[in-house]
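First the structure, in the form of structure tokens, and then the observations on it.
The values are calculated or read from the model by the stated rules, or taken from the named source; none is laboratory data. Just so it is clear, the model here is predicted, and its values are computed rather than measured. Every residue, glycine among them, receives a Cβ derived from its backbone with ideal geometry; neighbour counts consider all protein chains shown.
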Amino acid sequence: MSEAEATVVILSLKVALAAIVFGIVPAFAVAWLLARGRFRGKSLLQAVITLPLVLPPVVTGYGLLILFGTHGPLGSLLENAFGIVFAFRWTGAALAAAVMAFPLMVRPIQLSIEAADVGLEDAARTLGASRAMTFLTVLLPLALPGVIAGAILGFARAVGEFGATITFVANIPGQTQTMSLAIYSLLQSPTGDAAALRLILLSIALCAVAIIASEWFARRLARKRS
Amino acid sequence: MGVLEVSVTGQAGEFRLAADFEAGSGITALFGHSGAGKTTILKMIAGMTRPQAGRIVADGRVLFDSASGIDLAPARRQIGFVFQDGRLFPHLSVRRNLTYARWAGKRDATRPFGEVVALLGLKEHLDRSPATLSGGERQRVALGRALLSDPAILLMDEPLSSLDQARRLDILPYVEAIRDETRIPIVYVSHDIDEVARLADTVVVLEKGRMLAAGAAAEIFGRLDLGDTLGRQEAGALIEATVMAVDPRYGVAEIDVDGARLELVGEGFAAGEAVRLRIRARDVALALEAQEGLSIRNQLPCAIEEIANAGPAFVEVALRLGGQRLRARITRKSADEMAIARGRQVVALLKAVSVERRVARRRRPPQ
């Protein structure tokens, strides 16, 4: 692996991991609301969450640019309040990846929470467990397979993100040029085919490792429970 | 041990619920058809459903009081709950399930773990996963888990209804062992008259959210006005009795009921043993005087206490036998021809085989 390739791979992993790490908690919260909540506008929430899945990624990227760009309402607010900048930074690529991966993270978690018997939480409460303890010892372990599945799916989506990223934070080598963007750039140049192929093989290997690891983890979890 | 006082109103499905009873030591059965509001009452006691108004006190601790705005969280009520479906945590071993109240609920002052495991025969199952347990084993773990949560009161919501008949008979002795060993008041919901006859010290009869009757088990089973709720065919009196002698040659036991003598066929009786008998009304015939030359061996002189119609063709007769009450169900035609009336002395005839010992139990030692 050349230094340039290493830069691309590390940046891709950094972006995808950041997207999952920061996305999984809100994804769990939204999944819980959708699975257990009883409120008006629930189907609206479901629709908004699913939107990035059906919209052209370019549209999502443009939306992010409008909202989180340097002059966007949220972008300027975050910069002034916390000094967080998304525009043309790797953080922006992570945000784009998180938004695109969000519906894929929410769905499996939502299904696993729906499958977890609320009665078990009632039982935990009668045994003296506080709400927080009930969550930690009953709901979270029961929903764990869904969380893992969501994280894996989200990770895969985040690593492959292209349209929203290039629209939102452009294609800046070393800053926002993730694997898909680098492959795209190489394919644009007449001499880049071989280098592109190397990156393509690398990305396949990366995803294969992620999937095997998750399978192993899921099987270990299932064995522990039977 | 303490007492549970319940006085609540609320909504149970489509019915308005109103319940007002006390549960002391021993087993209080909430009996009624499904949908009568039995489970809702348990949920109100445990804090899973909020009553519209009322007051719930356990062991002197106010758990709920609409007047003063008290509504303790379920985690702080110390009410053990045994659910119909067990509700064991599938991701935890039997041991971790049993000790859940300790490590997750911070209930430290629980009875010794080993004692409960021995009482419920769970020793060899501790490291198993709930998914591999049989239905009966699962309910035993559920009983143990509730016991180990240091409960002031134990609530059991039809804990046997998910089991087949043979398993039920296996589990019943464990419920009785908990009653006798721990002395924790138990509120036991059931729609099974056999279970109630066997277990209950006190019975609360519910119908469509209303309390029809509450009182000692023998008193409730002796009442003629609860016919449809208690079941016409199954209606029968509960009699507390003592085994006097056993005749192994004939397989017959001689039983004392407040001075009157009964003969029962059945195995496993021991002299001196206290038993509870259930004598179905349909198994009792009446005669005006003692008969001779009958194969029926039990003839008990008693006085008619009460007569009630039971449909167009039958009447139910309540009979005083010593300090207890026997019931007979005879045709209205017989009743008219025999000129049966309140206060009249008659002889109750019951076949030895009609007395079932399967509802028998040891009487608890005096406290």
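Among the residues of segment A:169-226, those identified as within 14 Å of chain B (Cβ to nearest Cβ) and charged (D, E, K, R) are A:Arg220, A:Arg223, A:Lys224, A:Arg225.
On inspection, A:Gly72 fails the criterion of being closer than 23 Å to A:Val159 by Cβ, surrounded by fewer than 20 Cβ atoms within 10 Å (Cβ to Cβ), out of contact with any Cys (no Cβ under 7 Å at 6 or more places or on another chain) and free of Cβ contacts under 8 Å to residues at least 60 places away in the same chain.
Only residues that are surrounded by fewer than 24 Cβ atoms within 10 Å (Cβ to Cβ) and touching a residue at least 60 places away in the same chain (Cβ under 8 Å) were counted across segment A:81-106, and they come to 6. Of everything listed in (1) under 21 Å from the mean Cα position of the chain (by Cα); (2) surrounded by 19 or more Cβ atoms within 10 Å (Cβ to Cβ); (3) of a type in the set (A, V, I, L, M), the single unmet condition for A:Ile211 is (2).
Tell me whether segment B:281-301 contains one or more residues that are outside any strand (DSSP E or B) and more than 18 Å from B:Lys351 (Cα to Cα).
No; the residues of segment B:281-301 include none that is outside any strand (DSSP E or B) and more than 18 Å from B:Lys351 (Cα to Cα).
Yes/no matrix, rows are residues, columns are (1) on the phi > 0 side of the Ramachandran plot; (2) over 24 Å from the mean Cα position of the chain (by Cα); (3) not aromatic (Phe, Trp, Tyr):
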residue: B:Ala217; (1), (2), (3): no, no, yes
residue: B:Gln233; (1), (2), (3): no, no, yes
residue: B:Ala237; (1), (2), (3): no, no, yes
residue: B:Pro248; (1), (2), (3): no, yes, yes
residue: B:Gly251; (1), (2), (3): yes, yes, yes
residue: B:Val257; (1), (2), (3): no, no, yes
residue: B:Gly266; (1), (2), (3): yes, no, yes
residue: B:Val275; (1), (2), (3): no, no, yes
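Within the set B:Ala177, B:Ala118, B:Ala166, B:Ala216, the sole residue that is within 30 Å of B:Leu321 (Cα to Cα), more than 14 Å from chain A (Cβ to nearest Cβ) and small (Gly, Ala, Ser) turns out to be B:Ala216.
In this structure, is B:Ser34 under 26 Å from B:Ile220 (Cβ atoms) and of a type in the set (Ser, Thr, Tyr)? Yes, satisfied.
Of the residues making up segment B:33-64, those that are away from chain A (no Cβ under 14 Å), of a type in the set (Gly, Ala, Ser) and surrounded by fewer than 24 Cβ atoms within 10 Å (Cβ to Cβ) are B:Ser34, B:Gly35, B:Ala53, B:Gly54, B:Gly60. Number of residues in segment B:81-91 that are more than 18 Å from B:Gly136 (Cβ to Cβ) and at pLDDT below 95 equals 1. With respect to (1) in contact (Cβ under 8 Å) with a residue 24 or more places away in the chain; (2) more than 30 Å from A:Pro56 (Cα to Cα), the lone exception for A:Ala132 is condition (1). Between B:Arg320, B:Arg278, B:Arg329, the distinction of being touching a Gly at 6+ places or on another chain (Cβ under 8 Å) and either assigned to a strand (DSSP E or B) or assigned by TED's automatic domain parsing to the domain that holds B:Glu240 (or both) belongs to B:Arg278 only. In segment B:132-191, of all residues being hydroxyl-bearing (Ser, Thr, Tyr) and in a strand (DSSP E or B), the one that is surrounded by the most Cβ atoms within 10 Å (Cβ to Cβ) corresponds to B:Tyr188.
When the residues of segment A:106-152 are filtered to those that are of a type in the set (Gly, Ala, Ser) and touching a Gly at 6+ places or on another chain (Cβ under 6 Å), the one that is nearest to the other protein chains (Cβ to nearest Cβ) is A:Gly128.
For segment B:107-121, the condition holds for no residue, the condition being that it is in contact with a strand residue (DSSP E or B) (Cβ under 6 Å, 6 or more places away or on another chain), among the hydrophobic types (A, V, I, L, M, F, W, C) and surrounded by fewer than 23 Cβ atoms within 10 Å (Cβ to Cβ).
Scan segment B:65-81 and give yes if some residue there is at positive phi, within 14 Å of chain A (Cβ to nearest Cβ), in contact (Cβ under 8 Å) with a residue 40 or more places away in the chain and not in a strand (DSSP E or B), otherwise no.
For segment B:65-81, residues at positive phi, within 14 Å of chain A (Cβ to nearest Cβ), in contact (Cβ under 8 Å) with a residue 40 or more places away in the chain and not in a strand (DSSP E or B): present.
Residue count for segment B:121-131, restricted to those that are away from chain A (no Cβ under 11 Å) and in a loop (DSSP other than H, G, I, E, B): 4. In segment B:82-115, the residue that is farthest from B:Thr182 (Cα to Cα) out of those that are without any contact (Cβ under 8 Å) to a residue 12 or more places away in the chain and at the interface with chain A (Cβ under 9 Å from one of its Cβ atoms) is B:His91.
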